[in-house]
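Okay, structure first, notes after.
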Amino acid sequence: MSFYVVQFLSGLASAASLFLVASGLSIIFGVTRIVNFAHGAFYMVGAYLAYTLTEQLAGTFGFWAGIVLAALAVAAIGVVVEMVLLRRIYRSPELFQLLATFGLTLMVEDLVVLIWGPDDLLGRRAPGMRGAIDIFGQNLPTYDVFLIVLGPLVLGLLWLLFRRTRWGILVRAATQDRDTVAALGVNQKWLFTSVFALGVFLAALGGALQIPRDAVNHTMDLRIIVDVFVVVVIGGLGSITGAFVAAVLVSELNAFGILVFPKISIVLIFLVMAVVLVVRPWGLFGKPEAPARQMPGLTVRPWRPLSVNERLAFLVLLIAAAALPLFAGNYVLTIGAEIAIFAIFAASLHFMMAVGGLASFGHAAYFGLGSYGVAMLAKFAGLPMVACLLLGPLMGLIGAVVFGWFCVRLSGVYFAMLTLAFAQIVWSIAFQWVEVTGGDNGMLGIWPDAWVATPATFYWLSLTVAALAVGGLRWLTFSPFGYALRAMRDSPLRSESVGIDGKRVQWAAFVVAGTVAALAGAMFVYLKGSVFPDNAGIALSVDALVMVLLGGVETVSGALVGAIVYKALAIWLVSYTELSKLVLGAIIVVMVVAFPKGLVGMWEVLQARYWPGATASGKARRAEVAE
Amino acid sequence: MSASTAPLLAVEGLTKSFGGVHAVRNVSFALTAGEILALIGPNGAGKTTCFNMLNGQITPDAGHIRLEGREITGLAPREVWRRGVGRTFQITATFPTMTVRENVQVVLVSHEGQIFNPWCSTPTFALAEADRLLELVGMGGFAERPCGELAYGDLKRLELAVALANRPKLLLMDEPTAGMAPRERIELMRLTARIAREQKIGVLFTEHDMDVVFEHADRVIVLNRGMLIAEGTPAEVRHDPQVRAIYLGEGLVYDARHREDSAT
Ligand SMILES: Nc1ncnc2c1ncn2[C@@H]1O[C@H](COP(=O)(O)OP(=O)(O)OP(=O)(O)O)[C@@H](O)[C@H]1O
Ligand SMILES: [Mg+2]
């Protein structure tokens, strides 16, 4: 019995940090409507800075001063970020806001390694709280008691801040209706900046307070951000009380889940989240959101099927690509195959994101499921390659059917957060279920059949599959299904009132995209001969997003161009710099701020301006003018 | 009441409140095929809320909605649409990233139940029918234009084409002419009235422009603070003292408004 009490209390202690970070995210979202993906990064920097400061400053006072100073310093960084970056993207589509803050996260990850090194750092224990108290014969660290008290204390302070101060009341007014506040003559810019600073302060404080409990390392940002997303999805974005209740719930589920399913305790949280989403899609304490801003929403140029000439051009390019083995060596062919596989992956995300307006931040889940599907069939059932390639992606399909059903119930940022959370669940299972997946060691020795064993033949296979997959998705885009999907993206209101079952259409798109992604994952296994949990990792999900964005979210063929350029760039970067995440993150941020249309989008703009006869809509316009 | 003698639309005791706001209270009325019924009332009277309940956008707290004698209360908007109800919105809802013609084609595809048919190409689907509808509302010359570039008045006309695409029995039009120039308003309503009479479509519309109301409505019902306070022919309603009281200073007086419009 006493064991369970202590387990419960230590769950409560874990909830404190989680609550701090989640409430910060919620407060920022409430006013700015930005889901700050970089929140985990601020949490991590808070922990690193607190580590350094508490090492430098001696004594009890030094320790606590170090914690608070760290949080304040990170809040100051937050102010700079808000003024330099966020102010430029408050009016951008949600996807771009998420991506920009994600790019920031990537940059921070490399920066902390650069400054503090790659190894785990063990922080100081809190002075005066090194002991433990005795609860019915079980030990509970004194520091945990402090955290248990701290959580509700911060909740109370925030409540007072928002109810009893002029600033708090303004923030609440801004949360409800931004225009009124602007009308009151309040300096909106500074209101936003101060809110962001408070949110970041809470995140950094959460990180700083973790150092006596946990080692500091450069992956803690993603771990916390996934937990925080789960918390705000359950509690409701924008609600501080919701963040508290859900943080406690999630922490307790973790604490007790470990006892019930020691290996895959995360499944328990997933189940709770699923139930909450079905019953209250906007979370326990959240309010239903007004429909999200239209996505992509930057231009209005309608899409056209390719003209005959354009089709011929594509065919010529494809033949040229197929001729590559005639003059390229094995290394180039392997890279060529990888690019082809990533073109499939990017095209699948593009279908969901650009056609359907469903920006998934966890598309790697399906890539990974396809990979593991193939690996298991090959290893455990000993099936030949073709059978594996055909059956393996079914695992991605099943995953997409199950996860997609929940995801399409949400939209915008909730959708992004939930897809990310599901992808992390897939990753955790791959990582933790060592008996089946081999955990971190992966599954090795899965090679293609003899007929495609050479780099040239495998390249041709990849190219063929890529051409079929990309062509098929393009076909679907112009079929009624693709139009219905776009209709839902453009105006759910109008779609529903002209007989389109929007959720069903989106679910179907999710499944199509997931299955095609799984096909890419399946091919990837045979390219590399192995599969690792990273095949479902966040980095891969972000790669896909960047490829689509780089090519142009609003174009039909952007994904293809984006995949080719990005993959080539990434391979080049990795061989030339240690800091690929820093460069990549910077590229994302710059792209979102300066070139949101992407490469193909910019090309189309130029084409329309200088060469209007080339496009079908240009022709139509000239015809009209001539009339 | 058997289906054959039932009115096209019968509304009984419709009620809806949002929190403490009684948006619509116990509203009942009926509409026969080919009839044009105007629903008027000051801002916030509950007109849009009524429309939203009629097409299934929101579920009423109480009351019944019957289409040709069959209960449609609580059905989803897409199911209500399948039974022959078209709708235009107070703030236009169209697909801005498609061309004008594609906006209509999507609806035709949905009407024909072809959404999940992969062998059909939307840009070439039912071209003739789409162009006929666009021609009907005077948008024939705009077929290839991106919908996102249209002027507001043109969007309203496109919405009418979209609402007519499933050959509805009942047309719900929430402020069909709001944001249009006065001459355009009269034209659009004349057009709507003509189509309604020819095809025996019942029309329920709301409108703040009393010219439009009095010229085209067969009957008028008046909503104030969620309650139905008057019903009758345009002439009867215009002389109703209660209605005059509500609209005092809002230009219900037909002649004054008329002069003002033709002056601009
Ligand atoms: N979703 C909602 N939540 C809360 N209150 C609402 C909601 N929709 C409408 N209301 C309220 O219900 C009342 C009726 O609104 P409604 O939009 O139906 O009026 P209306 O007659 O269409 O007005 P207008 O002429 O301005 O379009 C208003 O007081 C409005 O504030
Ligand atoms: Mg209205």
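Basic side chains Lys and Arg get +1 at the Cβ, acidic Asp and Glu get -1 at the Cβ, and with that the dipole of segment A:1-116 about its Cα centre reaches some 360 debye. Counting Cβ atoms of other protein chains within 10 Å of each residue's Cβ and taking the mean over peptide B:105-112 gives 5. Each part gets one Cα centre, and for segment A:106-140 versus segment A:541-605 those centres are 37 Å apart. Taking every C-alpha pair closer than 8 Å and separated by at least 6 residues, the mean separation divided by the residue count of chain B gives a relative contact order of 25 percent.
Distance from the alpha carbon centroid of segment A:458-487 to that of segment B:23-50 works out to 47 angstrom. When the helices of the protein assembly as shown are scored as -39500 (n - 2.57) per DSSP H run of n ≥ 4 and the total is divided over every residue, the value at 222 nm lands at -19500 deg cm²/dmol.
Computed from backbone phi with θ = phi - 60° and the Karplus coefficients 6.51, -1.76 and 1.60, the 3J(HN,Hα) list for segment A:427-435 is 4, 4, 5, 4, 7, 8, 8, 4, 4 Hz; x is used for glycine and proline. Across segment A:494-502, coupling constants 3J(HN,Hα) worked out from phi with the 6.51/-1.76/1.60 Karplus curve, θ = phi - 60°, read 5, 4, 5, 8, 10, x, 8, 7, x Hz, and Gly and Pro carry x.
Total buried accessible area between B and A, probe 1.4 Å, nearest 100: 3200 Å².
When the accessible area of segment B:94-167 is split by element with a 1.4 Å probe, what percent falls to carbon and sulfur? Roughly 54 percent, rounded to a whole number. In chain A, Cα pairs under 8 Å separated by at least six residues give a relative contact order of 19 percent.
Backbone amide hydrogens, once placed in the peptide plane, bring A:S530 within less than 5 Å of A:I446, excluding anything fewer than 5 places away on its chain. Reported to the nearest whole Å, the Cα centre-to-centre distance from segment B:187-208 to segment A:143-163 is 62. Its Cα centre serving as origin, segment A:2-219 has a Cβ charge dipole (Lys and Arg +1, Asp and Glu -1) of approximately 800 debye.
Give the shape of chain B as rounded, prolate or oblate, defined through the alpha-carbon gyration tensor: a ≥ b ≥ c are the square roots of its eigenvalues, a/c under 1.5 means rounded, and otherwise the shape is prolate if a/b is larger than b/c and oblate if not. Here chain B falls in the oblate category.
Straight-line cross-link reach from B:K16 at under 19 Å between alpha-carbon atoms covers these aspartates and glutamates, not counting any fewer than eight positions away in the same chain: B:D61, B:E71, B:D174. Classified by the C-alpha gyration tensor, the protein assembly as shown has an oblate form. Its axis ratio a/c, with a ≥ b ≥ c, is 1.5 or above, and a/b does not exceed b/c.
Taking the Cα centre of the protein assembly as shown as reference, the dipole from Cβ charges on Lys and Arg (+1) and Asp and Glu (-1) amounts to some 480 debye.
Among the lysines, which have Cα under 20 Å from the Cα of A:K379 when same-chain residues fewer than 8 positions away are ignored? A:K379 reaches A:K528.
Rounded to the nearest Hz, the phi-derived 3J(HN,Hα) couplings of segment B:48-54 under the Karplus curve 6.51 cos²θ - 1.76 cosθ + 1.60 (θ = phi - 60°) are 5, 4, 4, 4, 4, 6, 5, where x marks glycine and proline. For segment B:94-167, the relative contact order comes to 47 percent (Cα pairs under 8 Å, sequence separation of at least 6). The alpha-carbon of A:K503 sits under 21 angstrom from the alpha-carbons of these lysines, leaving out residues fewer than 8 places away in its chain: A:K287.
The values are calculated or read from the model by the stated rules, or taken from the named source; none is laboratory data. As the structure is a computational prediction, the values presented were derived from the model and not from experiment. Please note: Cβ atoms are built from the backbone with ideal geometry, for glycine as well, and neighbour counts cover all protein chains shown. Keep in mind that these areas ignore ligands, DNA and RNA; they rest on the heavy atoms of the full protein, side chains included. Shrake-Rupley method; radii C 1.70, N 1.55, O 1.52, S 1.80 Å.
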